[in-house]
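Step one of this worksheet: look at the structure below.
The values are calculated or read from the model by the stated rules, or taken from the named source; none is laboratory data. Not measured: the values here are computed from a predicted model. Quick reminder, even Gly has a Cβ in these numbers, built from the backbone with ideal geometry, and neighbours come from all protein chains shown. Only protein heavy atoms, including side chains, enter the accessible area calculation; ligands, DNA and RNA are left aside. Shrake-Rupley method; radii C 1.70, N 1.55, O 1.52, S 1.80 Å.
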Amino acid sequence: MTAENNNPQKRVGLIRSVDWVTILLYMALLGLGWMSVCGATYDFDQAGNFFDFSTRSGMQIVWIGSSLILGMLILMTDDRLIESLSYLLYLGFIVLLFVTPFLAHNIKGSLSWIKIGSFSIQPAEFAKFATALCVARVMGTHGFNVSRLRDFLIACAIFLLPMALIVLQKETGSALVYMSFFLMLYREGMPGSILFAGLSAVVYFVVGVRFADLPLWASSPIHTGPFLVLLFIQLVAGCMLWIYTSRRSVAFTVLFGGLGFMLLAVLFSRFVIPFDVVWVQLAVCLLTIVYLLFLALRDRLLSYFYIAMFALGSLAFHYSADFVLNHVMEPHQQTRIRVLLGLEDDPRGAGYNVIQAKIAIGSGGLRGKGFLNGTQTKLKYVPEQDTDFIFCTVGEEEGFFGCAVVLTLFLILILRLIYLSERQPRVFGRVYGYCVLSIFLFHLFVNVGMVLGLTPVIGIPLPFFSYGGSSLWGFTILLFIFLRIDAGRNRMSR
């Protein structure tokens, strides 16, 4: 404990500076989370033994109590000390992530859990706060500008390195969480085109894979997926030229000339000679890229070059998506994506969890069946119902109203974190705050989405609800470090 915390006046100042609204939200989510764990693990043969440490509801109390102690210890630590240890913590967790596959036990194909006595910890959950601290420290240095390519690549490398190490542990879900840091980069000045490119990649993948074998019309040689993707690439390239360049003639040629030629080819295939117009579309896109590269060299205008690279990257991603799906991804990942996209129906395999989760949530109706009265959860129809699929317990027992309350609390927490981040006097505090809310938002969106069948089942916990010490401690450390940084903002502004 530092001298600052030994001073009674400083302690009073800390109590007044801490954001108690966020702590109350944290406590409310912990309480609702414990009730959900009780509902998900309740056994009729052990009625009322919620506080028995041999049960999961009893052990969750241990994790909650230890998390509260951990949070108080963090609040009593000088935020300047936390900041000074950023690089050391990051380096320590990078080393730990590297050695984890050699020390971990194989749990359902994952090598991410290290056993310590009778407990197991997942280093990937704790590496999030160390990564957030490190990237905040780097971006808070004088002269750092994320809009510069060099600085942007440095920031990306900080969170892509632990992501790659977690992938080696065969823990894809936890690794994908680190992609949420791009939301923070966008707030700090990352060009919106990068975020747009990421969203476009999702569209290319979903449309290209989902409609790859669907004919554009009955007995048509044209496949809908490639046709729509190539049409979209040409359309976006033309719109970008119209917005970001002053040469309207070039934008007109690419937008209306290219698209018009594609549509004429479709009409010719439909009414004259049937043929696959995708090859015509591909030729038009490649000619557009060559034309833009020529203009970039002639007029020395980078906008043409960037738009050409976007179109070329889009084509490369589109034609590699099928290869990645069928030859790079693991078989269980392939099946999950195909089930999500409606390409396969596997009610007894990959689709079983989602189907049972939907049944559980739907059976709750508006008001739910009541605490401990859920039949789907009590009869253990939903696998992982106290961890990754715990939201279905909320839906079954508390109904639509209960789900709305939980999601509203999370929404208030996210909005509160935005407010706290924006009032930070230093870049370090603001960047770390946006890292925290980005991680929470990603977990919330993906976890609830996979329970509802809207996102792939990648196995990440719902913050403060899913059973387990590693995830609860990890989220607590993330949140309370930010609360401690926020509590010291008045000293920084003086």
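Taken along the Cα-to-beta-carbon direction at a fixed 7 Å, the label points for W20 and R80 span 2.7 nm. Measure nothing but the geometry: give the 0 to 90° angle between the long axis through the Cα atoms of 86-103 and the longest principal axis through the Cα atoms of the chain, rounded to 10°. Here the helix axis deviates by roughly 80 degrees.
Ligands, DNA and RNA are left out, and with a 1.4 angstrom probe the accessible area of the range 335-470 is 39 Å² per residue. Each 5 Å bin from zero up to the one holding the largest Cα-Cα distance in the range 213-313 carries the following percent of pairs: 2, 14, 24, 22, 15, 10, 7, 4, 1, 0.
Per-residue 3J(HN,Hα) values for the range 386-399, derived from phi via the Karplus relation 6.51 cos²θ - 1.76 cosθ + 1.60 with θ = phi - 60°, read 9, 10, 5, 10, 5, 5, 5, 5, 4, x, 6, 7, 10, x Hz in sequence order (x marks Gly and Pro). Against the chain, whose longest principal axis comes from its Cα atoms, helix 331-340 is set at around 80 degrees. Think of each Lys and Arg Cβ as +1 and each Asp and Glu Cβ as -1; about the Cα centre, that makes the dipole of the range 372-426 roughly 320 debye. Non-local lysine pairs in the chain, meaning eight or more places apart or on different chains, with alpha-carbon distances under 21 Å, amount to 10. Each principal axis of the Cα cloud of the chain was taken in turn, and the coordinate range along them, longest first, works out to 80, 59, 45 Å.
Spin-label model, N145 to M179: label points 7 Å out along the Cα-to-beta-carbon direction sit 3.0 nm apart. Of H105, H142, H318, the order by accessible heavy-atom surface (1.4 Å probe, DNA, RNA and ligands excluded), from most exposed downward, is H142, H105, H318. Computed from the C-beta positions of M72 and I243, the FRET efficiency with R₀ = 60 Å rounds to 0.70. For the range 255-297, the Kirkwood radius over C-alpha pairs fed into Stokes-Einstein at 25 °C and 0.890 mPa s yields D = 221 µm² per second.
Quotient of the Cα radius of gyration of the range 440-494 and 2.2 N^0.38 Å, N being its number of residues: 1.51. So if R0 is 51 Å, what FRET efficiency would L287 and R367 give, r being the distance between their Cβ atoms, rounded to the nearest 0.05? My answer for the efficiency is 0.25. Once the Kirkwood radius over Cα pairs is known for the range 308-377, the Stokes-Einstein relation at 25 °C and 0.890 mPa s delivers a diffusion coefficient of 162 µm²/s. Rounded to the nearest 20 debye, the dipole magnitude of the chain is 1360 debye, with +1 charges on Lys and Arg beta carbons, -1 on Asp and Glu beta carbons, and the Cα centre as origin.
Extension gain for H327 to R416 (0.36 nm times residue separation, less C-alpha to C-alpha distance): 27.7 nm.
Among the trypsin sites (Lys or Arg not before Pro) within the range 359-403, those in coil by DSSP and having at most 16 neighbouring Cβ atoms inside 10 Å are R367, K380. Among D388, D78, D213, D322, the order of accessible area from largest down is D213, D322, D388, D78, computed with a 1.4 Å probe on protein heavy atoms. The range 415-488 and the range 71-150 have Cα centres separated by 14 Å. Placing dummy labels 7 Å off each Cα toward the beta-carbon, the span from T455 to F261 is 4.1 nm. Could you tell me which of rounded, prolate or oblate describes the range 140-231, using a ≥ b ≥ c as the square roots of the eigenvalues of the alpha-carbon gyration tensor, with rounded for a/c under 1.5 and, failing that, prolate when a/b is larger than b/c and oblate otherwise? Here the range 140-231 falls in the oblate category. Taking the longest Cα principal axis of the chain as reference, the axis of helix 302-323 is set at about 80 degrees. Restricting the calculation to alpha carbons of the range 355-409 gives Rg and Dmax of 9.8, 29 angstrom.
When chymotrypsin sites (Phe, Trp or Tyr not before Pro) are flagged only if DSSP places them in a loop and at most 14 other Cβ atoms lie within 10 Å, the longest unflagged stretch of the chain comes out as 54-216.
Estimated at 0.36 nm per residue, the fully extended path between L199 and N490 surpasses their Cα-Cα distance by 100.9 nm. Think of the chain as a dipole: +1 on every Lys or Arg Cβ, -1 on every Asp or Glu Cβ, centred on the Cα centre; then among N106, L176, A130, A130 lies furthest on the positive end. Under the shape rule built on the C-alpha gyration tensor, where the axes satisfy a ≥ b ≥ c, the range 3-153 is oblate, since a/c reaches at least 1.5 while a/b does not exceed b/c. For the range 153-294, the square roots a ≥ b ≥ c of the C-alpha gyration tensor eigenvalues yield an a/c of 1.5 or more together with a/b not exceeding b/c, which makes the shape oblate.
For A136, neighbours were defined as the other residues whose beta-carbon sits under 9 Å from its Cβ, and their charges (Lys and Arg +1, Asp and Glu -1) total +1. Using the Karplus relation 6.51 cos²θ - 1.76 cosθ + 1.60 with θ = phi - 60°, the per-residue 3J(HN,Hα) values for the range 105-112 come to 8, 6, 10, 6, x, 9, 10, 10 Hz, with x marking Gly and Pro.
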